[in-house]
Amino acid sequence: MKIGDALQNVSALGIDTSPFIYFVERHPMYLNLVREIFKSIDTAAFVGYCSTVTLTEVLTQPKRTQNRQLENEYRDLLTHSRNLTLVSIIPEIADTAAELRSRYRLRTPDALQIAAALESRCQAFLTNDADLQRVKELRVLVLDRLEL
């Protein structure tokens with residue numbers, strides 16, 4: 001599916017951790033696609049949301065390897081990008097995540113990510129985890145199934 005078609009009528013997009021990793025670490029298979037998505041967010045074609053779970057996930061490896069430059073790139077992208085909001089996990093999100101975990105048998109990080117997107121009123125959620133497509137509360141877009 002073309003990315004433009006997939007994002008039609010989306011004004012708020014929840015974003016999983018993997019698109020950030022592909023973008024910052026310039027993954028050859030996904031870079032052009034995620035670059036287009038982040039460009040659309042930067043130009044306010046739609047607003048992006050991710051949870052603080054993403055911050056935890058992307059900083060783990062750079063901290064382990066003491067790669068301060070990569071750590072700073074991630075932190076800057078997640079905390080200073082235009083039209084991208086980092087959503088804190090508040091009790092209401094945790095409660096929704098528990099409901100999603102019980103309904104769809106999701107892992108806790110996935111449930112928290114999707115719950116944060118729902119709390120932010122996202123119409124779609126971008127990931128590369130096809131298993132998350134069983135969630136019906138919003139449109140789940142899988143990078144492997146998208147093209148420019």
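None of the figures in this text is laboratory data; all of them are computed from the coordinates on show. Nothing here was measured: the structure is a model prediction, and the numbers come from that model. In this analysis, Cβ positions are derived from the backbone assuming ideal geometry, glycine residues included, and neighbour counts consider all displayed protein chains.
Roughly how many whole Å is it from the C-alpha centroid of region 101-144 to that of region 1-65?
One Cα centre to the other: 14 Å.
Please state, to two decimals, what the Cα-based radius of gyration of region 57-110 comes to when divided by 2.2 N^0.38 Å (N = residues).
1.47
Helix check for the chain. Which DSSP H runs span at least 15 Å along their own axis by Cα, with a mean Kyte-Doolittle hydropathy no less than 1.0? Mind dumping the intermediate values first?
Values: long enough: 31-42 (16 Å, 0.33); 52-64 (18 Å, -0.29); 68-80 (17 Å, -1.56); 91-104 (19 Å, -0.73); 108-119 (16 Å, 0.54).
Taking the DSSP H segments of the chain (at least 15 Å long, mean hydropathy at least 1.0), we get none.
Testing the spin-label approximation: label points 7 Å from Cα along Cα→Cβ at ARG103 and ARG75. State their distance in nm.
3.6
I'd like to compare 13-25, 103-115: which one has the highest average count of other Cβ atoms within 10 Å, and what's the full order after that?
Numbers: 13-25: 22.2, 103-115: 20.0.
Highest to lowest by the protection proxy: 13-25, 103-115.
Using the per-residue mean of other Cβ atoms lying within 10 Å as a proxy for protection, in what order, highest first, do the peptides 123-135, 33-45 fall?
123-135, 33-45
Would you grab the residues whose amide H sits under 5 Å from the one on VAL87? Only those 5+ places off in sequence or on another chain, please, with H modelled 1.01 Å from N.
HN-HN under 5 Å from VAL87: CYS50, SER51, THR52.
Along the Cα-to-C-beta direction of ALA45, a point sits 7 Å from the Cα; which residues of region 109-146 have their amide N less than 20 Å from that point?
122-128, 139-146
Name the long-range amide H neighbours of LEU126: under 5 Å, sequence gap of 5 or more, or other chain; modelled H, no Pro or chain starts.
HN-HN under 5 Å from LEU126: GLY14, ILE15, ASP16, LEU141.
Report the calculated FRET efficiency for ARG35 and GLU92 (r = Cβ-Cβ distance, R0 = 35 Å), to the nearest 0.05.
It comes out at approximately 0.60.
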